[in-house]
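Quick notes on the structure that follows.
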Amino acid sequence: MYPNLYFAFRDLFGLEIPGLRFINSFGFFVAIAFLVAAWVLTLELRRKSQSGLLQYEETTIKVGEAASITDLLTNFILGFLLGYKIIGAFVVGPEDPQAFIFSALGSWPAGIITGIFFAGLKWWEKNKQKLAKPEQRKIRIWPQDRVGDIVVFAAIFGFTGAKIFHNLENWTEFIADPIGALLSFSGLTFYGGLICAAVAILWYGKRHQISMRHLCDAAAPALMVAYAIGRIGCQVSGDGDWGIASTHPKPLSIIPDWAWGFKFPHNVINAGVPIPGCTGNYCSELPYAVYPTAFYETLMCLVLFGVLWYFRKKITVPGRIFAAYLILNGIERFLIEKIRVNTKYDIFGFHPTQAELISSLLVIVGLSLWFILPAIALKKQASKV
């Protein structure tokens, strides 16, 4: 396991770069997941725009103005924070990145230099576009031009929702240490992130007059591939998203041993028993082999992404691709929960997990939408005639 990129580079390339301790392996793959999802979403929104399914929004902007003091100060502050903490992490090389982030430690020279650089870039950009007389211009903004904003909304509200749902699922741990639970980089619940991010994106889409059903359809493949990549981060870091004890004999010899039962040595949450001879952080492994469920989910969701991508042009009823996503995602997660370690509730003698409850609801909602959406589409067509 590689809790952060420092251990990965040391093991794979023989390079010891202290600043890489700052880059958590899980966070690294989540960042990749967001980038890939943004690319897929852009492709789909552009295709729908070119097909006439989505329209542009006109807005008025003022061009030709010089950089204001506010512009320069804002960019300096952002650059300073980036240099002080992020670049400073590579300079200082903290042993505990999490403690470093929430401390006052950093690199003042790196912060000041980066701040001046960012402010200079803003001044240069504005000066290059400066006009003798600033003017108002109308521009067209297509939905695919807003993907950057959509991804930022998804990241902020997704992370917040993931933390909230995780702490609701593990209420006892949260009550014992609420500050530590909220500030910890571990402990994220996918469905919490999905629900909160979806609400934020739908609000953003409605605000900018983007068709909800077409936006959801375009987002469905992006969500599936992002989840598949994010689970690679869970597997690589060993963040606790693993399965129950792997007690059944391996069914096929072609399956690697680690893919059937794995102890997650050097996992990021230090779960299990000490590894003999290992010193420092991340020196624990599980006492018995468990199913690497994150790896299974990556494979399953890559296949499901392929299914959604293949049918995205063949299913023409707006919203049905998203309905299919809800059904497929719900079934996938419900099945994996059967061999996954998770907190169980006690509801009238039943003991479901939070993910089982939500995934069941997603399947029900998805099936309902699948059968209701054609009638809605016909009603909309009739209203246009």
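No value in this document is a laboratory result; all are computed from the given coordinates. If you're wondering where the values come from, they're calculated on a predicted model, not measured in any experiment. Every residue, glycine as well, gets a Cβ built from its backbone with ideal geometry; the counts of neighbours run over all protein chains shown.
Before moving on, here are some points about what is shown:
- The range 217-283 versus the range 297-373: alpha-carbon centroid distance in Å: 22
- Cα-Cα separations in the range 257-323 greater than 18 Å, expressed as whole percent: 57
- When the Cα positions of 63, 114, 76 are compared along the charge dipole of the chain, 63 comes out farthest toward the positive end, with charges on each C-beta of Lys, Arg, Asp and Glu.
- Average Cα contact separation per residue, the range 233-278, under 8 Å, 6 or more apart, as relative contact order %: 44
- Neighbour counts of other Cβ atoms within 10 Å put 217, 71, 149 in the fewest-to-most order 149, 71, 217.
- Taking packing as the residue-averaged number of other Cβ atoms within 10 angstrom, the listed peptides 271-280, 138-147 run from highest to lowest as 138-147, 271-280.
- For the chain, the Cβ-based charge dipole about the Cα centre amounts to some 1980 debye (Lys, Arg positive; Asp, Glu negative; other atoms uncharged).
- Ranked list, fewest to most other Cβ atoms within 10 Å of each Cβ, for 42, 247: 247, 42
- Positive-end extreme of charge dipole, the chain - chosen from 269, 172, 293 (charges on Cβ): 293
- Pairwise Cα separations in the chain fall into 20 Å bins from 0 onward with the following percentages, short to long: 22, 51, 25, 2.
- Annotation: amide H of residue 353 within the under-5 Å range of 345, sequence separation 5 or more or interchain, hydrogens built in the peptide plane.
- Rh (Kirkwood; distinct C-alpha pairs) - the range 9-99, Å: 17.7
- Close amide H contacts of residue 290 (hydrogens built in the peptide plane, cut-off under 5 Å, sequence separation of 5 or more or a different chain): 246, 262, 263.
- If R0 equals 25 Å, the separation of the Cβ atoms of residue 257 and residue 341 corresponds to a calculated FRET efficiency of about 0.80.
- Comparing Cα centroids, the range 148-168 and the range 3-68 end up 15 angstrom apart.
- Residue 124-residue 63 FRET efficiency (beta carbon distance; Förster radius 25 Å; 0.05 resolution): 0.95
- Charge-dipole axis of the chain as Lys and Arg at +1 and Asp and Glu at -1 on Cβ define it, positive-most pick from 335, 20, 243: 335
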